[in-house]
Every structure is written in C-alpha cells, then in structure tokens.
Amino acid sequence: MDDDWDDWQDDSTDWDDSEYPDEYESSDSFDLVPCPHCGADIVDEAVRCPICGEYVSFSTSPWQGKPWWWIVVSLLGVGATIVALLLL
C-alpha cells in the first residue's frame, strides 16, 4: 500500500491553474466604490454594505440626506441673492 502512495507522489504532472480558475479569479471584475455611510470599499452592485450593514443607495439628488433646516436655509439664501440682484 505504501508503494501506491509513493507512486502517486512521484507523479511529475504539471498542473496548470488556468484550467481550474478560482471563483474569485473570474474574468468578471467588479468596480469598488466607497460606502456612502462608512466609507469602506464595496462592490458597485452591492445592495448592503458588508461592513456597516446599511443599505446602499447612490442618489444624485442634492437634497437627499440633508436636514430640513439646511434645505430651508439654502433656499432662503438663493432667494435673498435673487432679491439683492433685482434691487441693484
């Protein structure tokens, strides 16, 4: 029985890893983006951050995530600027 084991170990067959690619070495590479909540690098198609657990939503709205008072002050500032320009 030991002779069979020795024969198997002495087999000098060269294995090519490209024949058996690992799952994480696939040709479909994902882009990494920062999590909007904790800043950790996550896959761009992730639904939730694996670090902080928050749901990921990348919004282009400038108002999303801002407190209501910030929006009111911003609108008042824009309105005051327009009124000042009209009075000149």
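The values are calculated or read from the model by the stated rules, or taken from the named source; none is laboratory data. Not measured: the values here are computed from a predicted model. Cβ coordinates were reconstructed from backbone atoms using ideal geometry, including for glycine residues, and neighbour counts include every protein chain displayed.
The table for this structure:
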{"quantity": "Among (1) outside any loop (DSSP other than H, G, I, E, B); (2) out of contact with any Cys (no Cβ under 9 Å at 6 or more places or on another chain); (3) surrounded by 10 or more Cβ atoms within 10 Å (Cβ to Cβ) - the single one ILE42 does not satisfy", "calculated": "(2)"}
{"quantity": "Number of the exception - SER26 against (1) among the polar types (S, T, N, Q); (2) at pLDDT below 90; (3) more than 19 Å from the chain's Cα centre (by Cα)", "calculated": "(3)"}
